[in-house]
Amino acid sequence: MLNYALLESKIDEYARQFQNAHPFPHLVVDDFLEPTVAEQAYANFPEMEKMDALKDIRQYKAQDPNISNFDPIFGKIIFDHLNAARFLEIVERISGIRDLKPDQKLYAAGLAQSTDGGFLNVHVDNSSHPVQSWYRRINILVYLNPHWSEEKGGHLELWSQNMSELIAILPSFNRMVMFATNKSSWHGHRRVNTPDGDTRKSINIYHFTEESPDGSQYYHVTSFRGRRKERVNQLVYPIDNFVRTAARRLRKRKLPKNHGSKAPSFRKLCDLVTSK
């Protein structure tokens with residue numbers, strides 16, 4: 001299902017690209033899925049109205065971890081391949097991060113979609129898994145947009161810590177982006193411009209480790225920041241980050257013992273752990 005011939009033949013090259021990339025380690029691979037698989041996933045991608053939607057000051061998108069609600073092709077791609085030992089070994093060799101763990105509950109992952117006007121502002125991801133004592137280490141995005149163009153926007157943005165350096169990646173069809181997640185992996189996606197009704201579609205997953213990126217113990221919620229010209233966001237987001245951090249610490253003590261036994265909706269999970 002994945003283009004293993006490509007991936008495994010270029011592991012050393014991909015590892016060099018990943019480690020030397022700016023503004024932080026990342027890799028872009030085209031033709032990631034077998035062509036027929038990519039076409040099938042695109043053809044069966046759910047309508048946005050059938051997915052959990054988020055619309056607030058931080059984002060406007062749909063995100064849904066409940067893969068069983070959708071065509072079986074997505075479960076095969078994610079659970080039989082992206083979360084399986086063969087691909088994990090490839091990711092470990094490329095990233096240099098050992099003992100990666102897949103998240104079978106797809107916390108804050110699964111399928112994502114943005115319609116006209118959709119956006120995801122610049123942020124660093126929540127540091128930790130909500131149930132396991134794991135740190136988030138790798139983000140994998142697979143784009144399924146065969147008719148995409150520069151004019152449609154929605155570029156994935158990777159920013160340096162001081163917001164002085166930017167890499168913008170078009171979410172082209174069958175393109176995979178992998179990047180390290182840590183305290184300074186600032187990223188987001190630009191506003192989508194699709195008056196024709198097209199949507200920005202992707203599969204996204206995370207891989208975790210028991211050890212944090214720097215070996216220390218820490219926690220932070222998904223934290224947003226404004227771009228240089230976004231004056232309102234520069235004022236609002238620090239307050240928003242502080243409030244959600246405080247709420248997370250309070251709610252953590254109130255989580256039911258069995259809250260991880262069933263995959264909740266993305267919105268419910270966000271409300272539960274205030275990760276987004």
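The values are calculated or read from the model by the stated rules, or taken from the named source; none is laboratory data. Predicted model, so just to flag it, every value in this text is computed and none were measured. As a convention, Cβ positions derive from the backbone with ideal geometry for all residues, glycine included, and neighbour counts pool all protein chains shown. Quick note on the areas: whole protein, heavy atoms, side chains included, nothing else; ligands and nucleic acids left out. Shrake-Rupley method; radii C 1.70, N 1.55, O 1.52, S 1.80 Å.
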Flag if Thr194 is on the phi < 0 side of the Ramachandran plot and within 21 Å of the chain's Cα centre (by Cα)
no
On the basis of being at pLDDT 95 or above, among the aliphatic types (A, V, I, L, M) and surrounded by 20 or more Cβ atoms within 10 Å (Cβ to Cβ), does Leu106 make the cut?
yes
Find the residue count for region 129-139, including only residues that are closer than 24 Å to Pro171 by Cβ and either charged (D, E, K, R) or open to solvent by 10 Å² or more (accessible area, probe 1.4 Å) (or both).
2
Residue check: is Ser164 more than 15 Å from the chain's Cα centre (by Cα), assigned to a loop (DSSP other than H, G, I, E, B), of a type in the set (Ser, Thr, Tyr) and more than 20 Å from Gly197 (Cβ to Cβ)?
yes
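Would you call Tyr42 closer than 25 Å to Thr194 by Cβ and part of a helix (DSSP H, G or I)? Reasoning before the result, please.
Numbers: closer than 25 Å to Thr194 by Cβ: yes; part of a helix (DSSP H, G or I): yes.
When the stated conditions are applied, Tyr42 passes them.
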Of everything in region 212-236, what is over 30 Å from Ser133 (Cα atoms) and open to solvent by 80 Å² or more (accessible area, probe 1.4 Å)? Give them in sequence order.
Arg228, Lys229, Arg231, Val232, Leu235
Go through region 113-128 and report how many residues are open to solvent by 10 Å² or more (accessible area, probe 1.4 Å), at negative phi and assigned to a loop (DSSP other than H, G, I, E, B).
2
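What are the residues in region 27-38 that are under 13 Å from Met176 (Cβ atoms) and open to solvent by 20 Å² or more (accessible area, probe 1.4 Å), if any? Please lay out each step first, then the result.
Taking region 27-38 first, the residues under 13 Å from Met176 (Cβ atoms) are 27-34, 37-38.
Across region 27-38, the qualifying residues are Val28, Asp30, Asp31, Glu34.
In region 93-112, how many are among the hydrophobic types (A, V, I, L, M, F, W, C), under 14 Å from the mean Cα position of the chain (by Cα) and assigned to a loop (DSSP other than H, G, I, E, B)?
First, pick out the residues of region 93-112 that are among the hydrophobic types (A, V, I, L, M, F, W, C): 94, 97, 100, 106, 108-109, 111-112.
Still in the running and under 14 Å from the mean Cα position of the chain (by Cα): 106, 108-109, 111-112.
Now narrow it down to the ones that are assigned to a loop (DSSP other than H, G, I, E, B): 106, 108-109.
Of the residues in that region, 3 qualify.
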Of these, Ser202, Ser172, Ser149, which one is surrounded by fewer than 16 Cβ atoms within 10 Å (Cβ to Cβ), touching a strand residue (DSSP E or B) at 6+ places or on another chain (Cβ under 7 Å) and closer than 30 Å to Pro35 by Cα?
Ser172
Out of region 52-91, which residues are within 18 Å of Ser114 (Cβ to Cβ), more than 16 Å from the chain's Cα centre (by Cα) and either touching a residue at least 60 places away in the same chain (Cβ under 8 Å) or surrounded by 17 or more Cβ atoms within 10 Å (Cβ to Cβ) (or both)?
Ile57, Phe70
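Anything in region 175-188 that is without any contact (Cβ under 8 Å) to a residue 60 or more places away in the chain and surrounded by fewer than 20 Cβ atoms within 10 Å (Cβ to Cβ)? List them, or say none. Quick ask: steps written out before the conclusion?
Within region 175-188, the first condition is being without any contact (Cβ under 8 Å) to a residue 60 or more places away in the chain, and the residues that meet it are 181, 183.
Listed by number, the list holds a single entry, Lys183.
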